[in-house]
């Protein structure tokens, strides 16, 4: 899991970040004190949980929280504030939790153990063969409506959760430069992949926005047989 911590006042957020690294050493914790840097990071990376500190400009920080939750759906927002004044606002934002400062490790751990969108305990296994383009989930082979859908899926699997631009995907799927045709066809492939994954019980696996696609890497385990000839 990737956890973002934002505190414009720095001190409490920095302390909470250090506590998070002790509580969940296997997770990625990134601390920010500048809005621009946070939004730049959020625009290029996946994240599942956000700790947002409300300081002297709570309205601005609540607005920033809303932006983050719209960038990536199903995000666990945890508000950290000095009192209960903003509990109702947190509720309207569908926040996962609310911490009254100062927060000790037990309180932080309690929030992490009761996330609104917890990661599944047993992840499905996706097996893919680059050479044959055969893909299965927990041993059940997937069937797509389009031949290139499997190649699109493998391309995204190889990205290992990173965002891939649709322009890059088109270049990798089609040798000839036919922008308009490939853009329309790519939308069909994306719809086919989304429909197939939904049928396999992984409706939230494929993510896309503003000309980018990616897979939520925290929702599956991967067995990828690579084509050694490449």
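FRET efficiency for the residue 57 to residue 84 pair, using the beta carbon distance and R₀ = 25 Å, is estimated at 0.85. Relative to the longest principal Cα axis of the chain, at what angle does helix 11-23 sit, 0 to 90 degrees, rounded to 10? Value to nearest ten degrees: 60. What angle do you read, to the nearest 10 degrees and between 0 and 90, between the alpha-carbon axis of helix 179-199 and the longest principal axis of the chain? Orientation of helix 179-199: about 70 degrees from the principal axis. Each residue, residue 224 and residue 36, gets one label point 7 Å from its Cα in the Cβ direction; the gap between the two is 3.4 nm. Comparing 100, 79, 169 in a Gaussian network model of the chain, where Cα atoms under 10 Å apart are tied by springs, the biggest mean-square fluctuation is seen for 100. Note on region 74-184: Cα-only Rg and Dmax are 21.6, 60 Å. Of all DSSP-defined beta bridges confined to region 57-146, some 60% are antiparallel rather than parallel. With all pairs of different C-alpha atoms in the average, the Kirkwood value for the hydrodynamic radius of the chain is 19.4 Å.
A Stokes-Einstein calculation at 25 °C with viscosity 0.890 mPa s, built on the Kirkwood radius of region 2-113 over Cα pairs, returns a diffusion coefficient of 178 µm²/s.
Using r as the Cβ-Cβ distance of residue 9 and residue 131, and R0 as 45 Å, what FRET efficiency do you calculate, to the nearest 0.05? After rounding to 0.05, the efficiency reads 0.25.
Using the Cα atoms of region 125-225 to build a convex hull, what is its mean projected area in square nanometres?
On the way: hull surface 23.7 nm².
About 5.9 nm², averaged over all directions.
The relative contact order of region 125-225, computed from alpha carbon pairs under 8 Å that lie at least 6 residues apart in sequence, is 39 percent.
Principal-axis analysis of the Cα atoms of the chain puts helix 147-159 at an angle of about 40° to the longest axis. Here region 59-128 was treated as a single set of alpha-carbon atoms; its pair distances binned every 5 Å from 0 give 3, 14, 23, 22, 16, 9, 5, 4, 2, 1, 0 percent. Taking label positions 7 Å along the Cα-Cβ direction at both residue 100 and residue 203, the computed distance is 3.8 nm, reported to one decimal. Helix-only arithmetic for the chain: the sum of -39500 (n - 2.57) across DSSP H runs with n ≥ 4, divided by the residue total, places the mean residue ellipticity at 222 nm at -12500 deg cm²/dmol.
Since every read-out is calculated from the coordinates, none of them should be taken as a lab result. Everything quoted here is computed from the prediction, not taken from an experiment. Quick reminder, even Gly has a Cβ in these numbers, built from the backbone with ideal geometry, and neighbours come from all protein chains shown.
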